[in-house]
Amino acid sequence: MTEPTPADYTGPRRILSGIQASGALHLGNYLGALKRFVALQEQDAPCFLFVADLHAITVWQDPAVLTAQTREIAAAYLASGLDPKRSVIFPQSAVPAHAELAWIFNCVARLGWLDRMTQFKEKSGKHKERSSVGLYTYPVLQAADILVYKATGVPTGEDQKQHLELTRDIAAKFNNDFGVPGFFPLPEPLTQGPAPRVMSLRDGAAKMSKSDPSDQSRINLMDDADTIAAKVRKAKTDPEPLPETLEGLDARPEARNLVAIYAALADLSREQVLAQFAGQGFGAFKPRLAELAVESLAPVTAEMRRLMAAPDEIDRVLRDGAERAAEIADPIVAETKRIVGFWR
Ligand code: AQP
């Protein structure tokens, strides 16, 4: 790949992230994304938080469901504590600049770079040739999402690190090829803050995921208290009691996951959780975890339900966000097109 050029970008700091409208939001999205976004909102850089509907359609989405999911994610942003006056909340497809810049970046990125993306390999599975072309070029669209705002910081989970590297490579190559050093920033990953990788309740080796066909594998943000309790009760575990040290969880992925979830929800370290529960079996631990999950999610769920029953309120936020996002993105794309040499 191209060696990233020095980050000589001098523009304002901006933070960008998004969540795909590809299914019901779950505890992993809450702990790994939403809670972090709320913390980032307290920083002095503006946050651009979008609903990634262009990304969602890289795999089939029922059109009516996609609209509802878009509103649900917006509702989750608001219910988690994001303030639409401070953060810019919008649907990706409502700002055409994303798709326009993605095309230009498709012509900057190299096939060899995309061939190395592990997420495509995981998501396309054994039937690569039947995957959409969009799924393949997904990381290029992600680069456009970020650079269309000249975002300088991107909250990044472990699985997104490779895509952010690609964004940096695309920015560096564009700046280099067109002789515009520092035009696009080389965005930095923002990894601070608690961001556990929440695993499936049915398989401690698989990520909790919206697109997992088993609803039992995840706690959805819209689940009611009884459903959450039942899912925790049925979560896969082992017959051993909880150990005293983290090393004792090494070969026990399901136990490790439940301890990590407890720690994240209670704002404790995993060591502190083990200090509290060492020697106890899951018969004692699971009801406490269920209680904690219900208590933590109940206010978010209640506010999401209220908002989902008031779609006009959500739509107002999304429309206003799209306008404010376009105000930043449109001049950046116009300037990019001028640099590329497009007629105007
Ligand atoms: N299991 C997880 N643990 C911690 N963080 C997670 N995130 C997703 N799953 C977990 C974080 O949520 C944000 C939004 O992710 P996304 O919707 O854009 O895509 P994803 O990472 O692929 O999420 P899913 O739920 O697995 O969706 P599908 O099944 O549609 O692919 C990201 O910040 C991600 O790190």
task: Go over the candidates 181, 139 one by one and state the one that is modelled with pLDDT of 95 or more, assigned by TED's automatic domain parsing to the domain that holds residue 87 and closer than 21 Å to residue 33 by Cα.
output: 139
- prompt: Which of the residues belonging to segment 271-304 are crowded, with 18+ Cβ neighbours inside 10 Å and of a type in the set (A, V, I, L, M, F, W, C)?
  reply: 273, 274, 277, 282, 285, 289, 290, 293, 294, 297, 300, 304
Residue 267, sole failed condition from (1) under 28 Å from residue 47 (Cβ atoms); (2) touching a residue at least 24 places away in the same chain (Cβ under 8 Å); (3) surrounded by 13 or more Cβ atoms within 10 Å (Cβ to Cβ): (3)
message: Looking at residue 105 and the list (1) modelled with pLDDT of 95 or more; (2) within 16 Å of the ligand (Cβ to nearest atom), which single condition is not satisfied?
response: (2)
message: Tally up the residues in segment 95-117 that are in contact with an Asp or Glu (Cβ under 9 Å, 6 or more places away or on another chain) and either over 15 Å from residue 144 (Cβ atoms) or assigned by TED's automatic domain parsing to the domain that holds residue 299 (or both), please.
response: 1
message: So the check is Cβ under 6 Å with 6+ separation or different chains; which pairs have a first residue in segment 252-263 that's more than 11 Å from residue 198 (Cβ to Cβ) and open to solvent by 10 Å² or more (accessible area, probe 1.4 Å) and a second one that's assigned to a helix (DSSP H, G or I) and β-branched (Val, Ile, Thr)?
response: 262/273
- prompt: Are any of the residues in segment 20-34 modelled with pLDDT of 90 or more, in contact with an Asp or Glu (Cβ under 7 Å, 6 or more places away or on another chain) and of a type outside the set (D, E, K, R)?
  reply: yes
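Conditions (1) open to solvent by 60 Å² or more (accessible area, probe 1.4 Å); (2) within 15 Å of the ligand (Cβ to nearest atom); (3) under 21 Å from residue 33 (Cβ atoms), marked per residue:
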| site | (1), (2), (3) |
| --- | --- |
| 128 | yes, no, no |
| 152 | no, no, yes |
| 163 | no, yes, yes |
| 198 | no, yes, yes |
| 211 | yes, yes, yes |
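The values are calculated or read from the model by the stated rules, or taken from the named source; none is laboratory data. Given the structure is predicted, the values throughout are model-derived calculations rather than measurements. FYI the Cβ positions are ideal-geometry reconstructions off the backbone, even for glycines, and counts take in every protein chain you see. To get the accessible areas, we keep the full protein, side chains included, count just its heavy atoms, and leave off ligands, DNA and RNA. Shrake-Rupley method; radii C 1.70, N 1.55, O 1.52, S 1.80 Å.
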